[in-house]
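This report refers to the structure that appears directly beneath it.
What follows is calculated from the coordinates using simple rules that are stated; it is not laboratory data. Since the structure is predicted, the reported quantities are computational estimates derived from the model, not experimental observations. Cβ sites come from the backbone with ideal geometry, for glycine too, and all protein chains shown count toward neighbours.
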Ligand SMILES: [Ca+2]
Ligand SMILES: [Ca+2]
């Protein structure tokens, strides 16, 4: 599933950008593996480094090893509307 930035309202875009910036700690406009690990743990999933690496690969559509803003939006949409339990289940599935 691909979500285009143009499909978002300006409010959604603002929320996404704010969330993205929180996790992009070094402000390089990309979420690297360490930053992605913090994100995964922040949404309540206790994952090993290996699991984090595998999950990052699933959302890293252009295979450059980091999550950019476009990929982040696809990922957020993937988890949207999920309760914390559902989210955890989604993550577990993503880890397979
Ligand atoms: Ca970064
Ligand atoms: Ca990428």
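If you average the alpha carbon positions of the range 1-39 and of the range 56-76, how far apart do those two centres end up, in angstrom?
10 Å
In whole percent, what relative contact order does the range 9-94 give with Cα contacts below 8 Å and a gap of six or more residues?
27 percent
Could you list 85, 24, 68 so that the one with the fewest beta carbons within 10 Å of its beta carbon is first and the one with the most is last?
With the fewest neighbours first, 85, 24, 68 line up as 85, 68, 24.
How many nm is it between the label spots at residue 48 and residue 78, if each spot is 7 Å from the Cα in line with the beta carbon?
Going from the residue 48 label point to the residue 78 one covers 2.0 nm.
What is the order of 74, 10, 38, 48, fewest Cβ neighbours within 10 Å to most?
10, 48, 38, 74
Give me 63, 57 ranked fewest to most by other Cβ atoms within 10 Å of their Cβ, as a rough exposure proxy.
In order of increasing Cβ crowding within 10 Å: 63, 57.
List residues of the range 41-70, by number, whose backbone nitrogen lies under 13 Å from a label position 7 Å along Cα→C-beta of residue 22.
The answer is 41-44, whose backbone nitrogens lie closer than 13 Å to the label point.
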